[in-house]
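Worksheet: one structure, shown below.
The values are calculated or read from the model by the stated rules, or taken from the named source; none is laboratory data. Given the structure is predicted, the values throughout are model-derived calculations rather than measurements. As a convention, Cβ positions derive from the backbone with ideal geometry for all residues, glycine included, and neighbour counts pool all protein chains shown.
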Amino acid sequence: MNFGTVTRMCKLAVFASGNGSNFQSIVDAIAHGQLMATCEVLICDQPDAKVIERAKKANIPAFVFDMKQFANKTEFERAILKKLREYDVTFIALAGYMRLIGSTLLEAYAQKIVNIHPSLLPAFPGLDAIGQAFQAGVKVTGVTIHYVDSGMDTGPIIAQKAIDLTEDETEESLREKIHAIEHVLYPQTLGKVMGGLNE
Ligand code: GAR
């Protein structure tokens, strides 16, 4: 019998809809030993999303669930849930997944789903939060990581990081700054909530 230290690694599923730079930062943090977890699967709802290529390159199984192929949201989420169970997934990170999570997944993964959003919530929820903040002329915006509930970018906040806008800030420069922060803050925060960060 082995009485040595037992490390229970979180088995993560990342959900994404688009480019997948946050998916990449999570995969890279795991590869560099900065995040003690395994990324078991990518779940994607957009057949042509760039994130699928990223998963293939990283040898992570990628599954596309196209809402159009399902009768309703419950059926859609039941199919996803079946896949998550096949891979024994214990935690879900939404990384640019542009769809509300429904009751099927919320009940199966209560307190085990987190999301990243590119604003200081509760300001600027929803689509294009960076553009919304820039157009509003705010002097400070940032990034939020929160537990997911049934609302749009709502749920208990876990971590936030603020950014000051400079006098000559453009929407593009702000976008770059936000993404750079996301790529550090998300793996770090996941490590903390999943209980195993290597620093
Ligand atoms: C990220 O900025 C993420 O915070 C945002 O989508 C982007 C995805 O980028 N999420 C939301 O707006 C959620 N409401 P990525 O595909 O390069 O990771």
Q) So Glu75 fits all but one of (1) within 19 Å of the chain's Cα centre (by Cα); (2) modelled with pLDDT of 95 or more; what number is the exception? A) (1)
(Q) Can you tell me which of (1) more than 19 Å from the chain's Cα centre (by Cα); (2) surrounded by 12 or more Cβ atoms within 10 Å (Cβ to Cβ) is the one Gln69 doesn't meet? (A) (2)
(Q) So if I check each of Thr144, Thr154, which one is in contact with a strand residue (DSSP E or B) (Cβ under 6 Å, 6 or more places away or on another chain) and more than 18 Å from Met36 (Cα to Cα)? (A) Thr144
Q. Inside the stretch 138-182, can you point out the residues that are in contact (Cβ under 8 Å) with a residue 60 or more places away in the chain and either touching a Phe, Trp or Tyr at 6+ places or on another chain (Cβ under 6 Å) or among the aliphatic types (A, V, I, L, M) (or both)?
A. Ile178
Q.
Between a residue in the stretch 71-95 that is closer than 23 Å to Pro187 by Cα and any residue that is at pLDDT below 95, which pairs come within a Cβ distance under 6 Å, given they are 6 or more apart or on different chains?
A. Thr90/Cys10; Phe91/Cys10; Phe91/Met194
Q. List, please: which pairs have Cβ atoms under 8 Å, are six or more places apart or on different chains, and start with a residue in the stretch 42-59 that is outside any strand (DSSP E or B) and at pLDDT 95 or above and end with one that is among the polar types (S, T, N, Q) and surrounded by fewer than 19 Cβ atoms within 10 Å (Cβ to Cβ)?
A. Asp45/Ser17; Gln46/Ser17; Ala49/Ser17; Ala49/Asn19; Lys50/Asn19; Val51/Ser17; Val51/Asn19
Q. If we keep just the residues of the stretch 94-136 that are on the phi > 0 side of the Ramachandran plot and either under 17 Å from the mean Cα position of the chain (by Cα) or at pLDDT below 95 (or both), which is nearest to the ligand (Cβ to nearest atom)?
A. Gly96
Q) For the stretch 69-93, what are the residues that are among the aliphatic types (A, V, I, L, M) and more than 18 Å from Thr38 (Cβ to Cβ)? A) Ala71, Ala79, Ile80, Leu81
Q) What do you reckon, is Glu167 at pLDDT below 95, more than 11 Å from the ligand (Cβ to nearest atom) and of a type in the set (Asp, Glu)? A) no
Q) Is one or more of the residues making up the stretch 3-11 modelled with pLDDT of 95 or more and either out of contact with any helix residue (DSSP H, G or I) (no Cβ under 6 Å at 6 or more places or on another chain) or loosely packed, with under 14 Cβ neighbours inside 10 Å (or both)? A) yes
Q) Hey, which of the strands (runs of 3 or more DSSP E) in the stretch 94-199, taking only ones fully inside, have at least 3 residues that are touching a Gly at 6+ places or on another chain (Cβ under 7 Å) and not hydroxyl-bearing (Ser, Thr, Tyr)? A) 157-164
Q: Tell me which residues, restricted to the stretch 7-41, are in a strand (DSSP E or B), more than 15 Å from the ligand (Cβ to nearest atom) and not aliphatic (A, V, I, L, M).
A: Cys10, Lys11, Thr38, Glu40
